[in-house]
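Worksheet for the structure shown next.
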Amino acid sequence: MGFNPGDRLFYIRIVFFLAGLLLAGRAAYLQLFSKDYKSRSEAAVIDNQVIYPSRGSIFDRNGKLLVTNNPMYDLMVTLNQTSKMDTSALCGLLGINKKEFDGAMTKDWKSGKFSKRLPFVFWSKISPEMYSRLQESLYMFPGFEPVLRSVRGYPHSSAPHVLGYIREVNRAEVNDSVYTMGDYIGASGLEKYYEKDLRGKKGIRKVLKDNLGREVGDFMEGKENMAPVSGKALHTTLDLDLQEYGEALMQNKIGGIVAIKPDSGQILAMISSPFYDPNKLVIHQGRAKAYAELETDSLLPLYNRALQAQYPPGSLFKPVVALVALQEGIITNNHTVRCTGGYYLGGQKLTGCHNHATCTTVTSAIQHSCNAYFVSVFRDIIDHGHDITEAGKGLAKFNEYLYRFGLGSPLGVDVPNEKAGNVPTPEYYTTQKFPKEKYWKSIWIRSLGIGQGELLFTNLQMANLAAIIANRGYYYTPHLARYLEDDQGLKTYPNEYLQRKSVGIDPAHFETVIEGMEWVVKAGTARTAYIPDIPICGKTGTAENNQGNGEDHSIFFAFAPRENPQIAIAVYIENGSWGGTYAAPIASLMIEKYLRGSISPERQYLEKRMMETNLIPQNKKPRS
């Protein structure tokens, strides 16, 4: 039988009929029976909902939690999805009035920063307690939806200057790939320095919404959603017990304490007093008022005196003068300088001194803190190998040593806003101090030899100087981060703080100076710091108070024990008078607390006296 073309047409028609029937059936099923298709077909927009990551927690060196995250909510609103509702009911739940409601709903729509079709923050910083009341009634307020955020909490209310605080980003910081308006950012302290590590990475949930703004479901069944990545945990070098103890000792005092592990540069404690409870600056509705109160406080509690205050080092500088002179071969340990109550020139007393026997060694000169000795030695350094009219050459060489000690520039600690201190240069004296003179002489800058004049150090630099002496000539950049750890347990270490830095002085010369510093505590100006079974090597200082608002300033730096030192410390107490009066005993109590864990019964009277002493000048009123 042959092929009939008429049959071919018939079959083609049959195929088309069946295909059409199949498509019609599928369409009928989807439209009449499938709820999933019906809801998705009504979807008008894809809403990218931000999922905020949890910010990295911060721990002390022993794993104690210093900074945690507490839940908080922002109430978002999409204006074109709102409809008639009981405005007074929402105001009542949020504790706001009608004027505040209208202000929160009104935006500059022409600016391009807001859209009636996109959600924006209606009310922020809603506490979990308020949210729990609001959640039950949210169905009454179409277009409003909460977003979970987290804010910082401080379980121990300690170390505010170190930890820092967070705040909302400003317009200059907005970067669509990282920050949008309303996001939080580290504003100070470790929060700011390690912002990139602590902040984490936002997640995105792509949600289908219908033309009435109702949520239909996840776009592509959630395949394009991105989970948030939590910020890394920061494990610090701080010893919380030591930090809290130092803060207790510094109550009602102005100044700072910095304690360092000499063998690593790890900061054990960093205290600036007066301080404040960091919980005052957590993100909440009353934060602006709390910040304003702290900012206007006459005692400047927001000011980090450990890093930003720049003080004359006073007699703490004398060991440095001795080390430079010994290294340069200008003196030996048996160098003698006659002292009859001060430094004299041409029969005129230019610098006073304490009553003590003539110092016949560097060791005894440090023990008795002889001004005549160190003015003389300093002048010998400046004038060595030069004509007396070329003092600038000697000072330039002397300053090279100071720079190696980390003086005159920021050390690079991982807390922002560290100050540099000041090391005066030959150019300063030539162009600014003595511009009308043909040349200047070492006698004109003699005060530098005893740590006065234009010399300025930060408390951190003084503590690091103690660490250098403890190490016999080297240091590691002081730092507060031990390591960062992600949520998978992977640890990263700040390698920049593991580099050993030498000051270029023979370790043997340090033993000469250390011997003198031990005698300072045993039988010198720091006998109040003496502990029979803990060999402490230290040096007192008294810095002149040129403000006319109290006593001179009390200074002490030290390390202990003498062999295999475990802690180096510097204490600066404004209006504390002699170095041995307050700074030295406070430092010794910190040392004992760290090495032993407690204060021996025979020294608890000293602890009580230091804690109860109030050194705030009468013209300043401390805040509680």
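The values are calculated or read from the model by the stated rules, or taken from the named source; none is laboratory data. Since the structure is predicted, the reported quantities are computational estimates derived from the model, not experimental observations. Note that each Cβ is placed from the backbone with ideal geometry, even for glycine, and that neighbours are counted across all protein chains shown.
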Are there any pairs, at least 6 apart or on different chains, whose C-beta atoms fall under 8 Å, with the first in segment 344-369 and at positive phi and the second surrounded by 13 or more Cβ atoms within 10 Å (Cβ to Cβ) and in a helix (DSSP H, G or I), and if so, which?
Ser369/Ser315; Ser369/Lys318; Ser369/Val520
So, of the residues in segment 96-107 that are under 13 Å from Leu79 (Cα atoms) and of a type in the set (D, E, K, R), which turns out to be modelled with the highest pLDDT?
Asp102
Filtering segment 135-174 down to residues that are touching a residue at least 60 places away in the same chain (Cβ under 8 Å) and among the hydrophobic types (A, V, I, L, M, F, W, C), which residue is surrounded by the fewest Cβ atoms within 10 Å (Cβ to Cβ)?
Leu148
What helices (runs of 4 or more DSSP H) lie completely within segment 97-204 and have 1 or more residues being among the small types (Gly, Ala, Ser), farther than 27 Å from Asn417 by Cβ and assigned by TED's automatic domain parsing to the domain that holds Leu75?
98-105, 128-135
Name the single residue that is surrounded by the fewest Cβ atoms within 10 Å (Cβ to Cβ) among those in segment 586-607 being of a type in the set (S, T, N, Q) and assigned to a loop (DSSP other than H, G, I, E, B).
Ser598
Scan segment 221-261 for residues that are of a type in the set (Lys, Arg) and over 18 Å from Gly189 (Cα atoms) and jot them down.
Lys223, Lys253, Lys261
Do you know which of the residues in segment 175-197 that are of a type outside the set (Val, Ile, Thr) and surrounded by fewer than 16 Cβ atoms within 10 Å (Cβ to Cβ) is modelled with the lowest pLDDT?
Asp176
One residue is enough: does segment 198-214 have a residue meeting the conditions under 24 Å from Tyr276 (Cα atoms), surrounded by fewer than 21 Cβ atoms within 10 Å (Cβ to Cβ) and modelled with pLDDT of 95 or more?
no
Can you pull out every residue in segment 338-359 that is surrounded by fewer than 15 Cβ atoms within 10 Å (Cβ to Cβ) and among the β-branched types (Val, Ile, Thr)?
Thr340
A careful count of residues in segment 51-65 that are among the hydrophobic types (A, V, I, L, M, F, W, C) and over 15 Å from Tyr483 (Cβ atoms) gives 2
Could you tell me which numbered condition Leu411 fails, if it satisfies all but one of (1) over 36 Å from the mean Cα position of the chain (by Cα); (2) in contact (Cβ under 8 Å) with a residue 40 or more places away in the chain?
(1)
Which numbered condition in (1) over 25 Å from the mean Cα position of the chain (by Cα); (2) surrounded by fewer than 24 Cβ atoms within 10 Å (Cβ to Cβ) is the only one that Gly579 fails?
(2)
Would you check which residues across segment 342-371 are farther than 20 Å from Ala508 by Cβ and touching a Leu at 6+ places or on another chain (Cβ under 8 Å) and list them?
Gly342, Tyr343, Tyr344
Given the condition among the acidic types (Asp, Glu), within 16 Å of Phe398 (Cα to Cα) and either touching a residue at least 40 places away in the same chain (Cβ under 8 Å) or not in a loop (DSSP other than H, G, I, E, B) (or both), answer yes or no: does some residue in segment 426-440 qualify?
yes
Residues of segment 277-293 being of a type outside the set (Val, Ile, Thr) and crowded, with 18+ Cβ neighbours inside 10 Å, in sequence order, are Pro278, Lys280, Leu281
Given the criteria touching a Cys at 6+ places or on another chain (Cβ under 9 Å), surrounded by 22 or more Cβ atoms within 10 Å (Cβ to Cβ), more than 30 Å from Pro494 (Cβ to Cβ) and among the aliphatic types (A, V, I, L, M), does Ala391 qualify?
no
